[in-house]
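Everything on this sheet refers to the single structure shown next.
The values are calculated or read from the model by the stated rules, or taken from the named source; none is laboratory data. Every value quoted in this text rests on a predicted model; they were computed, and no experiment measured them. As a convention, Cβ positions derive from the backbone with ideal geometry for all residues, glycine included, and neighbour counts pool all protein chains shown. Just the protein is used for accessible areas: all its heavy atoms, side chains included, with ligands, DNA and RNA removed. Shrake-Rupley method; radii C 1.70, N 1.55, O 1.52, S 1.80 Å.
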Amino acid sequence: MKITSIKLSFSNAYLLIGRKTVIVDTGMPGEQDKILRVIERSGVKTSDISLILHTHGHVDHAGSTAALTKTLNLPTAVHRADEGMMRAGRMNPLTPLRLEARMILPMVNRPFPPVAPNLFVDEAFDLAAFGVEGRILLTPGHTAGSISLLLPDGAAIVGDVMMGGYVGGNLLGARPNYHYFADDQGAVHRSIRALLDAGVQTFYVGHGGPLARAAVQKRFAGVL
């Protein structure tokens, strides 16, 4: 199993490459061409891509999904709790956690091309049917429908359960930090604990990263 990180303008998308390839998240609107270029450079045939899977339904993680599904004719999957945002092409109201979040709110609180998901993800979702190994863990808090992908080697793609560093992950990206926004910070703490309890060693996040287990344990030790 191979994880290929795709650094986009505001966030990270990922290719999860096994027998088939799954695209995890799609960035902001208009970033589909960059994702397609990384797919080509990675030697992945578009015919081997089986699914677009979303860690959650925010604009910087689902913004280019509509364009990619039009180009690649792929099914899309999200947790049912975030389905409404994707269908509407608009995020639910965001709750800032700090001053920097309030400052960037106008930049990120924007509409995106709507998508009607084909599949709904829960912990029984069968990734093997799409040619990759691993399982889904529900990790709400940032949004009600946030999920993480746990892989057999101890890596996990965790979306915005946490982030790396500052300035959107561009400064000190390997240092664990809270994301800018959370629907329920208590649920964020429980989700981080659940990821640690699941044995995750490397956290691939939506901004910055990747993050090492020891660093995550140290950063959040006081609240877990």
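Quick look at the numbers
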item	result
Residue in region 140-149 that is modelled with pLDDT of 95 or more and open to solvent by 60 Å² or more (accessible area, probe 1.4 Å) present	yes
Selection status of His58, under 20 Å from Asn118 (Cα atoms), out of contact with any strand residue (DSSP E or B) (no Cβ under 8 Å at 6 or more places or on another chain) and either modelled with pLDDT under 95 or crowded, with 22+ Cβ neighbours inside 10 Å (or both)	yes
Total residues in region 105-126, condition closer than 21 Å to Ile6 by Cα and either crowded, with 20+ Cβ neighbours inside 10 Å or modelled with pLDDT of 95 or more (or both)	2
Among residues of region 122-163, those that are of a type in the set (Asp, Glu) and over 26 Å from Val59 (Cβ atoms), counted	3
Residue within region 81-89 that is under 17 Å from Ala182 (Cα atoms), basic (Lys, Arg) and open to solvent by 60 Å² or more (accessible area, probe 1.4 Å) present	no
In region 10-45, residue farthest from Arg110 (Cα to Cα) [restricted to those that are assigned to a loop (DSSP other than H, G, I, E, B) and open to solvent by 80 Å² or more (accessible area, probe 1.4 Å)]	Arg19
Strands (runs of 3 or more DSSP E) contained in region 161-221 and holding at least 2 residues open to solvent by 30 Å² or more (accessible area, probe 1.4 Å)	171-177, 202-205
Subset tally (residues that are within 16 Å of Ser5 (Cα to Cα) and modelled with pLDDT of 95 or more) for region 150-188	11
Options Leu68, Leu94, Leu74: the member that is touching a helix residue (DSSP H, G or I) at 6+ places or on another chain (Cβ under 6 Å) and either open to solvent by 10 Å² or more (accessible area, probe 1.4 Å) or assigned to a helix (DSSP H, G or I) (or both)	Leu68
Among (1) under 21 Å from Val205 (Cα atoms); (2) touching a helix residue (DSSP H, G or I) at 6+ places or on another chain (Cβ under 8 Å); (3) outside any helix (DSSP H, G or I) - the single one Ser50 does not satisfy	(1)
